[in-house]
């Protein structure tokens, strides 16, 4: 029996584990992949817009020689934080069930291990569940819902589907590394949420013809070597060696409901107490970006890392004195 099991080792999950350890709670973190797995899978040359202090957890200083940290800087920092607090993390063992049993929870994993815990925090994020278009060919090998790096597409035709930050940044990165880029977006213009320092760049590239943009575009089918697109002017076929469908993510709603958590049908957000982030199940909390449901731009590392300080004081009431 432990006082707390945290599901997920992203920054929010780590912050919960750190605050629990600081409060003297026995804590185990269960992770389906590697440490801060979503950040590890970010584009290889990513640079944060946030400054290091906005990514810190547990009061551990995040020191880099530049104003903005890179993906590698960030991975190394969270490794340091885990070592500093001696967090007990079990990697590559996905949680399959969380069941309330009288005064405690039983948490089971794919490997057949069961953990008894007085409290559970679900901090699973959303990165494993990209939004899909639901059109033929979306599962072909040359279609991806994740952007990694541009270099293999030098001198080739690449289509990017989407009109928000991820799609815009990928289109610019691909263009600057020699790909011929077409940006397809279902709206009449790029999203108003595109970062203000990126918007002029992409608009200038489109205006100059460096990046071809097709607006009011609906993808109807992905084919070998092309994408079938419908626009107000009719159907057209866009030549494409590879396509990135970058239209956002959503939490694993089925998993949340399987754990007994009530989820709003419209927002896909778990119902939580805004002061403690406790769900309708006593002792079961949600943390990090999963709390925002489909509105993934509302909670991110910079504010999700603060959830541990909300949750752990509330979790203490379920911990019996020895």
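Using the 10 angstrom Cβ neighbour count as an exposure proxy, how do 238, 245, 121 rank, fewest first?
So the residues, fewest neighbours to most, are 238, 245, 121.
Return the single residue from 193, 162, 58 with maximal mean-square fluctuation; model: Gaussian network over the chain, springs between Cα atoms under 10 Å.
Its mean-square fluctuation being the largest, the pick is 193.
How far is helix 71-85 tilted, in degrees, relative to the longest principal axis of the Cα atoms in the chain, given as a value from 0 to 90 rounded to the nearest 10?
So the inclination is approximately 0 degrees.
Compare the peptides 219-228, 174-183 by average per-residue count of other Cβ atoms within 10 angstrom and give them in order, highest first.
Per-residue mean Cβ counts within 10 Å order the peptides as 174-183, 219-228.
What FRET efficiency do you get for residue 103 and residue 135 if R0 is 41 Å and r is their Cβ-Cβ distance, rounded to the nearest 0.05?
The computed FRET efficiency comes out at 0.25.
Tell me, in nm to one decimal, what length is gained between residue 258 and residue 110 on full extension, where the rule is 0.36 nm per residue of separation less the Cα-Cα distance?
Length gained between residue 258 and residue 110: 51.8 nm.
So for the chain, averaging the separation of alpha carbon pairs under 8 Å that are six or more residues apart and normalising by length, what relative contact order in percent results?
20 percent.
Report D for segment 143-245 in µm² per second (integer): Stokes-Einstein, Kirkwood Rh on Cα pairs, 20 °C, 1.002 mPa s.
Estimated diffusion coefficient is 159 µm²/s.
Tell me, what is the Rg over Rh of segment 85-220, with Rh the Kirkwood radius over Cα pairs? Write out the running numbers ahead of the final one.
Numbers: Rg = 21.2 Å, Rh = 18.4 Å.
That ratio equals 1.16.
Return the equivalent ellipsoid semi-axes of the chain as a descending list in whole Å, where each equals the square root of 5 times an eigenvalue of the C-alpha gyration tensor.
Values for the chain, descending: 40, 22, 16 Å.
Hey, fewest Cβ within 10 Å first, where do 307, 104 land in order?
Fewest-to-most Cβ neighbours within 10 Å comes out as 104, 307.
Fewest first, what order do 5, 143, 64 take by the number of other Cβ atoms within 10 Å? Spell out each step's value before the answer.
Details: 5 26, 143 20, 64 16.
In increasing order of surrounding Cβ atoms, one gets 64, 143, 5.
Hey, could you grab the Kirkwood Rh for segment 219-322? Inverse mean 1/r over distinct alpha carbon pairs, Å, one decimal.
16.8 Å
If you build a Gaussian network model of the chain, linking Cα atoms that sit under 10 Å apart, which residue out of 200, 251, 69 swings the most?
200
Per DSSP H run of at least 4 residues, take -39500 (n - 2.57); add these up for the chain, divide by its residues and hand me the 222 nm value, nearest 500 deg cm²/dmol.
The helix contribution divided over the chain gives -6500 deg cm²/dmol.
To the nearest 10 degrees, how steep is helix 165-176 against the longest Cα principal axis of the chain, on a 0 to 90 scale?
Helix 165-176 sits roughly 50 degrees off the main axis of the chain.
Between 293, 112, 283, which gets the highest mean-square fluctuation from a Gaussian network model of the chain, Cα cutoff 10 Å?
The residue that fluctuates most here is 112.
On a 0 to 90 degree scale, rounded to 10, what angle separates helix 11-22 from the longest Cα axis of the chain?
The answer is roughly 20 degrees.
Just to verify a number: FRET efficiency for residue 68 and residue 192, C-beta to C-beta distance, R0 = 25 Å, to 0.05?
Details: r = 24 Å, r/R0 = 0.95.
The pair residue 68/residue 192 has a calculated efficiency of 0.60.
Since every read-out is calculated from the coordinates, none of them should be taken as a lab result. Just so it is clear, the model here is predicted, and its values are computed rather than measured. Neighbour counts are summed over all protein chains in view; Cβ atoms, including those assigned to glycine, are modelled from backbone coordinates with ideal geometry.
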